[in-house]
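The values are calculated or read from the model by the stated rules, or taken from the named source; none is laboratory data. What you see is a predicted model, and the numbers here were worked out from it, not measured in a lab. We place every Cβ from the backbone using ideal geometry, glycine too, and count neighbours over all the protein chains shown.
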Amino acid sequence: MRANLINTVARAALSALIVVGATAPARAADALTAAATAETPYLTGLYTHLHSNPELSFQETATAARMATEAKAAGFTVTTGVGQKGVVAVMVNGPGPVLLIRTDMDGLPVKEETGLPYASTATGKAADGSLTPVMHACGHDIHMSVWVGVARAMAKAKSQWSGTLVMIAQPAEEMIGGADAMLKDGLYSRFPKPQYALALHDDNRIPAGKMSVPPYRALAAGSSLDMDVFGIGGHGAYPATTKDPIVLAANIITGMQTLISRENDPFMPAVITVGSIHGGTKRNIISNEVKLALTVRSYDSKQQARLIDSIGRVAKYEALAAGLPDDKLPTVKVVESTPPTLNTPAFAAKVQALFVQRFGKDRVVDLDPSMASEDFNAFGLADPSIQTVIFWLGAVKQSTYDAAKAAGTTTPSLHSSKFAPDPAPTIATGVEAMSAAALMVLAKS
């Protein structure tokens, strides 16, 4: 059954590549294009395996083992267990610069609803110890498949480049912790330290076969907050004898909206989202506590700090207005934070020019900066001399993209239970684009 599925996917991959080739701008095919095309059926089979078997942050045991196996098979020297689950693969190929290429590996606690024949039914252990469905809802399976393809392509093209290639498979990007864990475990002291670092991320805003290189701002700063809202519990039939934390939490959530609509400079993008709210045990019991989990996004460190402080202010004074005593005021804790992901402008301009030359202007598009966050920038912040670029890789099936555009709707976003990349053309484009960028950086002088 599994073999039949892989064969079916491989045939679909070849068909998709024929379509992409027919619609792409005319240009002379080169060895890199041919290599990416030839590898795509294998990489698409790898993708379906990874998609079916996601693992949560810092639990990527089987995933890391597969990445290590693939890198070893391509001829890299591989070290595992870096930053708990990270993989570092090194290929030294003469004198020259050191280039780092990163993929992330972790899935999300999401129950998949794509209806795909290879949809995930996996479960993982959540932070509280409970079992949760797991899905590659952010496309890290695409990233890993491209990473393997690039490793294989660069190993076969060793005569065309000189330098050192360090390919890393990072755990726990979704927790904003994996990059820091690898750095603290000696990534830049135990292994060659890069002058350049590259990464890509799939994107639901553009169809497969297209890409976008942010000139500077790529992804926002992100802070995860936990808020505990306290009350005085009692019987639901006698609310006058209580201080209801659910009503208070609702007022706090409503009050926080004005931090964006009335206190924030509209020319400085910012987002506050309450993604989780839990309180109460029974319909006729007013509880003593409600727990909220929030995310805050912006592109400016002072703005980010002001928003976090203002969230605490709104929570405090809503509680006081509700008549809570000082010992029952809400608490706000910053659980994790990451700075904005900012590309090195000169390096980004070179990558952009390369992609336009190789793929044509109509396949290299401009996108607004994303309010999503991630920790790739940590690899550059560890040493400001390191030049970094992350670029967007279109992942939506063309017909799906066209239908959504015609209907005035959007395609399922990253982190959606229905996010389903079009694997073959997405992977083929990613392998070719990232390999071309690597060959540019490591070109023989």
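Pull up segment 313-327, narrow it to residues that are crowded, with 18+ Cβ neighbours inside 10 Å and either free of Cβ contacts under 8 Å to residues at least 40 places away in the same chain or not small (G, A, S) (or both), then point me to the one that is nearest to Q387 (Cα to Cα). Out of the qualifying residues, it is V314. Inside segment 313-351, residues that are closer than 19 Å to D244 by Cα, in contact with a strand residue (DSSP E or B) (Cβ under 7 Å, 6 or more places away or on another chain) and not basic (K, R) make up a count of 7. Can you name every one of the strands (runs of 3 or more DSSP E) wholly within segment 75-120 that holds 3 or more residues which are assigned by TED's automatic domain parsing to the domain that holds F376 and over 19 Å from the mean Cα position of the chain (by Cα)? Where strands (runs of 3 or more DSSP E) fall fully within segment 75-120 and carry at least 3 residues being assigned by TED's automatic domain parsing to the domain that holds F376 and over 19 Å from the mean Cα position of the chain (by Cα), they are 77-82, 86-93.
Those residues that are charged (D, E, K, R), closer than 14 Å to M167 by Cα and surrounded by 19 or more Cβ atoms within 10 Å (Cβ to Cβ), I need them from segment 67-85; list them, please. Matches in segment 67-85: E70 only. For segment 239-257, indicate whether the set of residues that are of a type in the set (D, E, K, R) and over 30 Å from T164 (Cα atoms) is non-empty. Within segment 239-257, one or more residues are of a type in the set (D, E, K, R) and over 30 Å from T164 (Cα atoms). Per the conditions (1) part of a strand (DSSP E or B); (2) not small (G, A, S); (3) not assigned by TED's automatic domain parsing to the domain that holds V110, the sole criterion not satisfied by I246 is (1).
A single member of L248, L259 is in contact (Cβ under 8 Å) with a residue 12 or more places away in the chain and either basic (K, R) or under 27 Å from D368 (Cα atoms) (or both), and it is L259. Has segment 135-142 got any residue that is modelled with pLDDT under 95, within 30 Å of L307 (Cβ to Cβ), of a type in the set (G, A, S) and not assigned by TED's automatic domain parsing to the domain that holds I286? No; the residues of segment 135-142 include none that is modelled with pLDDT under 95, within 30 Å of L307 (Cβ to Cβ), of a type in the set (G, A, S) and not assigned by TED's automatic domain parsing to the domain that holds I286. Of the residues A181, A169, the single one that is aliphatic (A, V, I, L, M) and more than 28 Å from L307 (Cβ to Cβ) is A169. Within segment 143-201, restricting attention to residues that are in a loop (DSSP other than H, G, I, E, B) and in contact with a Lys or Arg (Cβ under 6 Å, 6 or more places away or on another chain), the residue that is surrounded by the most Cβ atoms within 10 Å (Cβ to Cβ) is P171.
The residues of segment 121-132 that are in a loop (DSSP other than H, G, I, E, B) and at negative phi, listed by number, are T121, A122, A126, A127, D128, S130.
When A122, A64, A127 are checked against the criterion of being surrounded by fewer than 22 Cβ atoms within 10 Å (Cβ to Cβ) and touching a residue at least 40 places away in the same chain (Cβ under 8 Å), A122 stands alone in meeting it. Total residues in segment 90-144 satisfying the condition of being closer than 21 Å to N377 by Cα and out of contact with any strand residue (DSSP E or B) (no Cβ under 7 Å at 6 or more places or on another chain): the figure is 2. Looking only at residues of segment 270-300 that are buried (at least 19 other Cβ atoms within 10 Å of the Cβ) and not in a strand (DSSP E or B), we find that the one that is farthest from the chain's Cα centre (by Cα) is S287.
For segment 121-131, the set of residues classified as of a type outside the set (A, V, I, L, M, F, W, C) and under 15 Å from E60 (Cβ atoms) consists of T123, G124, K125, listed by residue number. When you scan segment 316-326, do you find a residue that is of a type in the set (G, A, S) and not in a helix (DSSP H, G or I), even just one? Yes, segment 316-326 contains at least one residue that is of a type in the set (G, A, S) and not in a helix (DSSP H, G or I).
Scanning segment 86-115 for residues that are over 27 Å from A433 (Cα atoms) and either surrounded by fewer than 22 Cβ atoms within 10 Å (Cβ to Cβ) or in contact with a Phe, Trp or Tyr (Cβ under 8 Å, 6 or more places away or on another chain) (or both) turns up P109, V110, K111, E113, T114, G115.
Sort out which residues of segment 262-291 are in contact (Cβ under 8 Å) with a residue 40 or more places away in the chain, under 15 Å from G222 (Cβ atoms) and among the β-branched types (V, I, T), and write them in order of number. V271, the sole residue that qualifies. Restrict the check to segment 37-49 and report whether at least one residue is modelled with pLDDT under 95 and surrounded by fewer than 17 Cβ atoms within 10 Å (Cβ to Cβ). Scanning segment 37-49 turns up at least one residue that is modelled with pLDDT under 95 and surrounded by fewer than 17 Cβ atoms within 10 Å (Cβ to Cβ).
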